[in-house]
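Notes for the one structure printed next.
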Ligand code: PHE
């Protein structure tokens, strides 16, 4: 059976950007920036994305298109079976990421419903915080929304890349962009908005000496660009041989970073204007934006539109994650696409239930408590949700990225370079920089920050 391809280059860019742009940009980026000092985090993030991480993006897409296979099969077909381990790691990371991702995506459905019903209207930030905390800790409601979300993801992945994934992305990205801009303009008019902009845009240079900030920015860059776990590899495998990979991958990285940047512009003026705690964590976007909507003329309508679009942005990302697992199982093991999507989807759903419970009734369940030992390392003392988030973003994805670079820079440099340049037909003006980055600079930097995340340095 021949594999499907994207119907056009724009189709790929939209689908890849659809994968990249999601909760990572609008939910996670602002709260991490808030936690790590605002401007310093933004600066570190931008530096990493446009140097170290950019070459991972290009390498990963090139590996996928060179092999024309799923994440596991690609490494075996380009080199040998031992390298399949990188693909397997990716599949495991997908399972971990999707399980908590789908829970947060479920929150976007809940907030859409609440906006429609008007029950958030007129609430002060304190009351909105209470409402958010009560909701995420509830044992049934978030699980129901998480289930609804997962069902939609499964249904779309079953239909395959063109029928499902590409069409959904084409419409939504521009719409999301427009509404964010409108909201930012309103946010700028709030009293005290300037303080928020200053926090977000002016770095406190001393904070750049903190390696935890860099590790967090690196993990976030991988997460936000959907790298290190086979997503871009799989999407690249559906890309036509004629397309220009350096340009295409740059455009995807640029769109994704622009949306994350705008999300910060949206959130921080409001955070400071309402005297909110910028280190509030995962609730930041969900609490602060309804507070902005409450101050706006037509705020309810904006709120409804915003959460619907955020939901769709999450959907196109979640689809790309389930696609990695599904294409692996169906191509490598001959399981039909439908069965493969349903089984992986269900497994992920159950893990997601544990994630959701860990924000409420299972708050005390940690690795330390399960093993009955007391270890003073961060990973041992996180609940299920935070554990999966931390281990995937800060460890598995950068590790996957490191191995991808070793593969592209040391194991198959010629094959990958031929792929990137379409056998010399594309003029790749930063070729030498790419080689130095892929072989030396990026692997060393990622390796160092990885050891920092694990707690060895
Ligand atoms: N990049 C997506 C986001 O920012 C999440 C994602 C991570 C998707 C990893 C695929 C792979 O929301």
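Using only alpha carbons, build the gyration tensor for the chain and give me the equivalent ellipsoid semi-axes, biggest first, whole Å.
On the way: eigenvalues 222, 117, 105 Å².
Three semi-axes, in Å: 33, 24, 23.
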Would you work out if segment 260-343 is rounded, prolate or oblate? Take a ≥ b ≥ c from the square roots of the eigenvalues of the alpha-carbon gyration tensor; rounded if a/c is under 1.5, else prolate when a/b is larger than b/c, oblate otherwise. prolate
Whole-angstrom gap from segment 17-94 to segment 410-457, using each part's C-alpha centre: 13
If segment 62-114 were replaced by its equivalent ellipsoid, with semi-axes equal to the square roots of 5 times the Cα gyration tensor eigenvalues, what would those be, largest first, whole Å? 34, 12, 5
Between segment 285-311 and segment 224-272, how many Å separate their Cα centres? 24
Normalised by the residues of segment 270-394, what does the relative contact order come to in percent, with Cα pairs under 8 Å and at least six apart? 12
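Specify whether the C-alpha gyration tensor of segment 319-457 places it in the rounded, prolate or oblate class, a ≥ b ≥ c being the square roots of the eigenvalues: rounded for a/c under 1.5, otherwise prolate if a/b is larger than b/c and oblate if not. Can you show the working numbers first?
Details: a/c = 3.42, a/b = 1.45, b/c = 2.36.
It comes out oblate by the Cα gyration axes.
Rounded if a/c is under 1.5, else prolate if a/b beats b/c, else oblate: with a ≥ b ≥ c from the C-alpha gyration tensor eigenvalues square-rooted, which is segment 1-145? Each step should come with its number before you reach the end.
Working: a/c = 2.30, a/b = 1.79, b/c = 1.28.
It is prolate, given that a/c is not under 1.5 and a/b is the larger ratio.
A short reminder: the numbers here are calculations on the coordinates, not readings from a lab. It should be emphasised that the depicted structure is a prediction, and the values quoted were computed from it without experimental measurement.
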